[in-house]
Every structure is written in C-alpha cells, then in structure tokens.
Amino acid sequence: MSAPLPGRTPNTPIAVNIEMWFEGDFVSRIEQSAALGFPAIELWTWKDKDLTAGAEALRRHGMTATQFTAWGFGKEINDPAFPVEKFVAEIEASCEASKILPGCDLMTVVCGDNVPGLTKEQMHASVVDKLKAAVPVLERHGKTVILEPMNPYNHPDHCLYGSADGIALCEAIGSEHVKLNWDLFHMQRTEGNLIDNLRKGVKWIGYVQFADSPDRHEPSTGEVNYGEVFKVVRELGLPLPLGAECIPQDMDARRAAERLHAVDSASV
C-alpha cells in the first residue's frame, strides 16, 4: 500500500501504475513511486523504456515490478487471419523483457476491439488459439499472461467484457499460465457485484487492479467501498500487490496516496 509516512506497514501492498500517476522518464517515475512509499510499480508498454536503468532503480529502493502490457489494443489477436506465430513471437520477446525487471512474472494481454464481420464467438476462439500456442513459451520462461476484460462505457466496441466471458476463455485455454487481470474498475462498470464475483472467479484471478467508479480516480472518490473489497481480496488469498491503475484526482499523487492509505487502514 502507498505509505506516505515512513514506517507505516500496509495491510494490502499496492503496485502503483506509473503511467497514470506520474510524469517523466521511466526512472523518474520509479523515484516518484518510491518517494510515496509504494513497494511496487506496474507499467504499460515496455519497448519505449530503459528497462535496465529501471531495474537498477527498483533494486535500489527495494521495489519490484508486478506486470506490464505485452499485447495492447488492436484487431489482431482476435482475428483468425492474423498469424499465430507473430503473436507467439511477441510473447517470447515480452518474456525475455520481463526478466530484466525484478519480480515481473505477469504480462497483460488485451483481447482486442471488434473485428468487422466476426462474431464474438469467432473472435474469442481466435484468442484461445493464439494463447494456447503461447503456453509452451510461458511454461518455459515461468511467466503468466493475464487477460484483461474491459467495460463498454470506457471501451466501446471491444470483444471482451465481464467476468463470465473472461473465465470462459481461461477455462478453454486450460493453463495455469493464462489467468485474468481482474480490473475492479472495469468489473464494476460492466457488472457490479464485486465481492461475490471475486469469490466466484478466484481460481482464474492472476492479478487484481482497481480504481473507483465512475471517474477512475483513487478509492474514496466514487461509489465503491474499497475498504471492504480489499478485506475480501486478502481473505481469498488473491495475488498481491494490487495494481493501482487509477488517475489521481486533480493529478495530486500525494493526496491520492494518502487516501489509499486511509482506505487500506480501514480494511481490517
């Protein structure tokens, strides 16, 4: 958890999303994360960053990186016409990149926007085929892909929404190396019922992100009782740290960190 006051021990460790919280180069964003007491970071794209310099900064502060985006938005992974081998090669490259960052064993894959002329079932089948082909690569490197369902309000015309379809994809792939990036912001906007659905999906949850709804700021700025949600996350033994993929309200990172600390302190 973000602990702006030195020496405070969080109930729920948090990986801050450096893309949303801070400005500057990779190392600068890590330094800003450390200054607010975060034990870990998460990031989006990795090819535009000096991973070696970032890894040195993380180790200097005793921090880790939880995950980055290996495959972002587009209309390729969910298109049967897109070559499987190109997707697998990108996962291979991402696995090698993840080894540079301490603690980074997870990588997000986004299933893609709707491909004209294809049904949801056809697009999901394409995703399953490509990820099944990537499983041997993930097994060899000891890494895990986390699929991220979106929500139809912030991401209209996307091919994966909600927990039920996300779980169905993981079950079809059938590997412990492919799970879900269970973003509570997207789940709240898509379906609500957060705590019950966490319990139902626990087997396939590889990572949990959060932001308050509807404006995607830090907890205590919207409609979700994150103190209770964090408590259930710990009770279920879900992977930690959690990912703070939220936008600090008014871009006040210190205030957002203090609010996170207050919410976590209440989650007893």
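The values are calculated or read from the model by the stated rules, or taken from the named source; none is laboratory data. Because the structure is a prediction, the values reported are computed rather than measured. Here Cβ is always computed from backbone atoms with ideal geometry, including for glycine, and neighbour counts include all displayed protein chains. For accessibility, only protein heavy atoms count, side chains too; no ligands or nucleic acids. Shrake-Rupley method; radii C 1.70, N 1.55, O 1.52, S 1.80 Å.
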All conditions in (1) surrounded by 15 or more Cβ atoms within 10 Å (Cβ to Cβ); (2) farther than 19 Å from GLU90 by Cα; (3) among the aliphatic types (A, V, I, L, M) are true of LEU147 except (2)
Output the residues belonging to segment 233-257 that are surrounded by fewer than 17 Cβ atoms within 10 Å (Cβ to Cβ) and in a helix (DSSP H, G or I).
ARG234, GLU235, ASP250, MET251, ARG254, ARG255
Checking the structure you have, find out if any residue of segment 92-106 is on the phi < 0 side of the Ramachandran plot and touching a residue at least 60 places away in the same chain (Cβ under 8 Å).
yes
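Residue by residue, here is whether (1) of a type in the set (Gly, Ala, Ser); (2) within 21 Å of ASN181 (Cβ to Cβ); (3) in contact (Cβ under 8 Å) with a residue 24 or more places away in the chain holds:
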site: ASN225; (1), (2), (3): no, no, no
site: ARG234; (1), (2), (3): no, yes, yes
site: LEU240; (1), (2), (3): no, yes, yes
site: ILE247; (1), (2), (3): no, yes, yes
site: ASP250; (1), (2), (3): no, no, no
site: ALA257; (1), (2), (3): yes, no, yes
site: ALA266; (1), (2), (3): yes, no, yes
Restricting to segment 37-64, count the residues that are among the hydrophobic types (A, V, I, L, M, F, W, C), under 22 Å from ALA256 (Cβ atoms) and touching an Asp or Glu at 6+ places or on another chain (Cβ under 9 Å).
3
Is it fair to say GLU228 is at pLDDT 95 or above, assigned to a helix (DSSP H, G or I) and either open to solvent by 50 Å² or more (accessible area, probe 1.4 Å) or farther than 27 Å from GLU23 by Cα (or both)?
yes
Name the residues in segment 159-211 that are in contact with a Phe, Trp or Tyr (Cβ under 6 Å, 6 or more places away or on another chain), open to solvent by 10 Å² or more (accessible area, probe 1.4 Å) and either in a loop (DSSP other than H, G, I, E, B) or under 26 Å from MET20 (Cβ atoms) (or both), would you?
LYS179, ARG189, THR190
